[in-house]
Amino acid sequence: MSESTKLRPWSGDRAPADWGLGDGQAIPWEYAPAPESREIVTLKSRYGLFINGREVQASGGDVFASIDPATEEVIAEVAKATPADVDKAIRAARRAQRSRWGNLPGRERAKYLFRIARILQERSREFAVLESMDSGKPIKESRDVDVPLVAAHFWYYAGWADKLEYAFPGRVAKPLGVAAQVIPWNFPLLMLAWKIAPALAAGNTVVLKPASTTPLTALLFAEVCQQADLPPGVVNIVPGPAAIGMHLVSHRGVDKVAFTGSTEVGKLIHKATAGTDKAITLELGGKAANIVFEDAALDQAIEGIVNGIYFNQGEVCCAGSRLLVQESVAGPLIEKLKDRLSTIRVGDPLDKNTDVGAINSKAQLEKITELVAAGVEEGAELFQPACDLPDRGYFFRPTLFTNVAQSHRIAKEEIFGPVLSVLTFRTPDEAVEKANNTPYGLSAGIWTEKGSRILWMVRKMRAGVVWANTFNRFDPTSPFGGYKESGFGREGGMHGLHAYVRLEGR
Ligand code: NDP
């Protein structure tokens, strides 16, 4: 640290100009590098598909590369499934469901799920490191949020496997059959857990397609299935391009479709399954309002706002990407937010001090860059902290826009990046109107000390999840899902189990 940037007591004013930090910047802390070792992961140079309990190469012999978004280097090659491979995986899943898994008593299915949960916990560091390498998310998030939640989902649904008669009293819960599951790249392993754990607990078997930029933890999970002695065919994993996802979900051999990803693809999948008897759940995009009232604890709200939009680089469907602030506190809140942004550390996802890692792909970085340019073009005021970005890799500075109008693209479109748009309101009615002024309806946040106001707001807002005085809290017992263009159906909790059963009378 040079003499001029050494830490000194801060008076609360802006940093002096001679510190060269730019206008309004807080004093930076410098941390020594704290990289997590990659050695815990034994990388293969090539990964196969996982069909019928075995790793197999793709029938076409093609592979694609999985890239580390922080370095732009190839991590490994992955077999690219063909439609014939998907057909084979579905046949294996059907055989396993009919001959074994669907007939196992719940307590026996539970044993496998408990075993998977335990192995995931034992190998948690390995999963966290690989997830950060493949997706770009900070290690402290994959280690402390993603992987613990993954294990928690398996524990939770293992607990339900032998209690379906209590989950659905007076009814008989039958499995649907074979589930086709297509998942995105923002929470690769967590989305796998949200889908596979309830499906298996209810007696279904699955064929899952991971996103092409993040297939590796799903393939490591295949090893866990082998380690847990899961019967062959119960879980099948077929990495491949978008067309493979479409082939899978529209296949006549599947009974249930579960998709998480963009609204655009969700609509295509909805169309492809319309008129069939497949059960379907769609968890799509969002443009959540995080609403701060003048009576809120502002410093606490700042942490919730930062967590709401900069967690996982903002690549979160329920991210609080629209901040609605009551006009009377907008000035001080935005000042505090700018100071807080200046302390966010952007960089190596495997560094334990990193707050914001790499954007998942070049394409996603380009999308964010384009939308931020549109924000400037349309007249919003841009603020970015003066942090250095690594020379290589797909990185983007935490970004804040003020003077945003509801008509701006940055206030309407899902950016899926570390970009916050700030709007103001005067009355609770106006806050509700602005919060609901979106085609999406996945999540929302409210910051106020008045319980009655929270309850009033919750009733008026069209959002599947509303957090009060917190944000981005997840728990396996709690259902998650959206309204409007954010999709339908719920994952998590007993609702998530319901999506994988057919209820019959006794
Ligand atoms: P997609 O919706 O395209 O990808 C999600 C998954 O669907 C991936 O496994 C993808 O495969 C697969 N897929 C893509 N096209 C099809 C298709 N026609 N039929 C069946 N499966 C398909 O998201 P993108 O990666 O393109 O991201 C674009 C935008 O979507 C983001 O900027 C963000 O706004 C939003 N998004 C929302 C997510 C959410 O959690 N709600 C998650 C991810 C993105 P492949 O990877 O091989 O293309």
Output the relative contact order of the chain, whole-number percent, from Cα pairs under 8 angstrom with separation of 6+ residues. 18 percent
What is the Cα centroid distance between region 86-164 and region 176-209, reported in whole angstrom? 9 Å
Whole angstrom only: what separates the Cα centroid of region 424-475 from the Cα centroid of region 344-370? 28 Å
Can you tell me, using C-alpha contacts under 8 Å and at least 6 residues apart, the relative contact order of region 206-307 as a whole percent? 22 percent
What does the C-alpha gyration tensor say about the overall shape of region 301-349? Classify as rounded when a/c is under 1.5, otherwise prolate if a/b is larger than b/c, or oblate. oblate
Cross-link list Lys137/Lys460; Lys137/Lys195; Lys195/Lys278; Lys111/Lys140; Lys336/Lys484; Lys362/Lys434: which exceed 24 angstrom alpha carbon to alpha carbon? Lys137/Lys460; Lys111/Lys140; Lys336/Lys484; Lys362/Lys434
Could you list which residues have their amide H under 5 Å from that of Gly445, counting only those 5 or more apart in sequence or on another chain, with H placed in the peptide plane? Ala289, Asn290, Ile291, Trp467
Long-range amide H partners of Gly60 with built H, under 5 Å: Thr82
Label points 7 Å out from Cα along the Cβ direction at Phe488 and Glu381: separation in nm? 4.4 nm
C-alpha center-to-center spacing [region 385-402, region 240-296] in angstrom: 30 Å
Let me check I've understood the local charge: for Ala468, count other residues with C-beta under 14 angstrom from its C-beta, Lys and Arg +1, Asp and Glu -1. What total comes out? +3
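Bear in mind these aren't lab numbers, they're just calculated from the coordinates by the rules spelled out. Please read these numbers as outputs of a predicted model, since none were measured by experiment. Using ideal geometry, Cβ is built from the backbone for each residue, glycine included, and neighbour counts are taken over all protein chains shown.
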